[in-house]
There are 2 protein chains.
Amino acid sequence: MTPTITAFAQSPDRGRGLARDMRVRWALEEVGQVYEVRLVSFDEMKRPAHLALHPFGQIPTYEEGDLALFESGAIVLHIAQTHAGLLPEGANARARTMTWMFAALNTIEPPIVEWEQARYLEHDKPWYEARLPLLGKRIRGRLEQLSNRLGDADWLDGAFSAGDLLMVTVLRRLEGSGMVDAFSNLSAYVARGKARPAYQRAFDAQLAVFTASNG
Amino acid sequence: MTPTITAFAQSPDRGRGLARDMRVRWALEEVGQVYEVRLVSFDEMKRPAHLALHPFGQIPTYEEGDLALFESGAIVLHIAQTHAGLLPEGANARARTMTWMFAALNTIEPPIVEWEQARYLEHDKPWYEARLPLLGKRIRGRLEQLSNRLGDADWLDGAFSAGDLLMVTVLRRLEGSGMVDAFSNLSAYVARGKARPAYQRAFDAQLAVFTASNG
């Protein structure tokens, strides 16, 4: 059965692949699962039909027959658990992959989102400039710890997994800030993720949506 | 094999059960798995021995034979997947439970942690008072959406699950703020979680650590 995901009709990232549908597209490409995309506008996202699928009025969602999911982490996990290619063999190695999935979304991403929100929602506030160093420090602390753990390995725990997929997409949110580049192993790690053919196909697919809507 | 978790030797929440070991204790109590606890000081958490277990220098960790995990979400998921009692029957229902686990930790918890951090780390800043309404509005928006989805159900999707366990512990971080109490169904939902015998046992166990260290 071909799953259908939702994505922004007009992505606020202007085709940079930073919206959370990119994670799901990438996971689907890694496992070789074809999928359909339904584009939703900002207005539609807040209406009952979409809220029935996603109570927080966001994208992506994932529909596959009777199953409807939201939360990019849960969707990637579902794809990983129902296809080969994103989870290692062995119960212990799989459990460790979950650790990295949650670390990406509950430890690394929140201070990055906080920094993004300050830029979008508080840039006209009198405290904006004064708070930036504090927000940057929180992020750099986490990046330093992540860099220390990664060391000179290619991926966080053995072969590329759903944990790396989520972590790379989270770190990409910092592109242009220079914060990841301060850690050469993290910078190479993100580049390694982006060089994967499945990443490229996913990136091109989301870019095509943006190009078509602005062509 | 008896797993060993780590918890604060001196919990900053002063025995209120808001530290993340509470989630793991509760999950272990729900499934009837005995466990051991190793207490770590703030100094020890930043040393190599603990960082080898938890690269971000936090608690809880989870050790079970050769397996070492961190991230409370991943640990609760591991417990749920290896014992009966925290996941529903059926692949689709299980996938939906993952959706609520990630929603608790990636959608509901981040704005709550942001608000907590402002209280702890920015209360002496000139912008502190002016930013509080903005932080509260972000949280209330999420709570309203969560309240709308929960409606008059007892739990988020069918029977009590690991998704409810994480969501209740996340909402408890707002205790004393009045923010959850503004939504009577969410308030009743949290009370329902806290009334579970397994919750009570877990709460008493973490409180005993605090009491012993301050007795």
Somewhere in region A:57-69, is a residue closer than 27 Å to B:W115 by Cβ and among the aromatic types (F, W, Y)? no
Would you mention how many residues in region B:145-161 are touching a residue at least 24 places away in the same chain (Cβ under 8 Å) and within 12 Å of chain A (Cβ to nearest Cβ)? 6
Pairing a residue in region B:110-126 that is at the interface with chain A (Cβ under 8 Å from one of its Cβ atoms) with any residue that is crowded, with 16+ Cβ neighbours inside 10 Å and among the acidic types (D, E), where Cβ atoms lie under 8 Å and the two sit 6 or more apart in sequence or on different chains, gives B:P110/A:E109; B:P110/A:E114; B:E114/A:E114
Do the conditions hold for A:E109, that is, is it under 19 Å from the mean Cα position of the chain (by Cα), closer than 30 Å to A:N92 by Cα, assigned to a helix (DSSP H, G or I) and in the same structural domain as A:R172 (by TED's automatic domain parsing)? yes
Going residue by residue through region A:134-143, is there one that turns out to be within 18 Å of the chain's Cα centre (by Cα), among the hydrophobic types (A, V, I, L, M, F, W, C), crowded, with 18+ Cβ neighbours inside 10 Å and under 27 Å from A:R14 (Cβ atoms)? yes
Before we move on, is B:L166 within 14 Å of chain A (Cβ to nearest Cβ), at pLDDT 95 or above and surrounded by 15 or more Cβ atoms within 10 Å (Cβ to Cβ)? yes
Quick one: count up the residues across region B:29-74 that are in contact with a Gly (Cβ under 8 Å, 6 or more places away or on another chain), more than 8 Å from every other protein chain (Cβ to nearest Cβ) and in a helix (DSSP H, G or I). 4
Residue ID - farthest from the other protein chains (Cβ to nearest Cβ), chosen from residues in region A:75-86 that are surrounded by fewer than 24 Cβ atoms within 10 Å (Cβ to Cβ) and part of a helix (DSSP H, G or I): A:A80
Pairs, please: C-beta under 9 Å, at least 6 apart or cross-chain, first residue more than 18 Å from A:R25 (Cα to Cα) and hydroxyl-bearing (S, T, Y) and in region A:40-62, second at pLDDT 95 or above and part of a strand (DSSP E or B)? A:S41/A:F8
Looking at (1) among the β-branched types (V, I, T); (2) more than 7 Å from chain B (Cβ to nearest Cβ); (3) touching a strand residue (DSSP E or B) at 6+ places or on another chain (Cβ under 6 Å), which is the one condition that is false for A:T99? (2)
Considering each of A:N185, A:N106 in turn, give the residue that is in contact (Cβ under 8 Å) with a residue 12 or more places away in the chain, of a type in the set (S, T, N, Q) and either closer than 27 Å to B:R47 by Cβ or touching a strand residue (DSSP E or B) at 6+ places or on another chain (Cβ under 6 Å) (or both). A:N185
With respect to A:G141, is the statement that it is part of a helix (DSSP H, G or I), in contact (Cβ under 8 Å) with a residue 40 or more places away in the chain and not β-branched (V, I, T) true? no
Residue list for region A:87-109, filter: farther than 23 Å from A:L143 by Cα and crowded, with 24+ Cβ neighbours inside 10 Å: none
Can you tell me which residues in region A:129-168 are within 21 Å of A:A191 (Cα to Cα) and acidic (D, E)? A:E144, A:D152, A:D154, A:D157, A:D164
Restricting to region B:165-215, what's the tally of residues that are basic (K, R) and not in a loop (DSSP other than H, G, I, E, B)? 4
Do you know which of the residues in region A:190-215 that are of a type in the set (S, T, N, Q) and under 15 Å from the mean Cα position of the chain (by Cα) is surrounded by the most Cβ atoms within 10 Å (Cβ to Cβ)? A:Q206
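The values are calculated or read from the model by the stated rules, or taken from the named source; none is laboratory data. These numbers come from a predicted model, not from an experiment. Note that each Cβ is placed from the backbone with ideal geometry, even for glycine, and that neighbours are counted across all protein chains shown.
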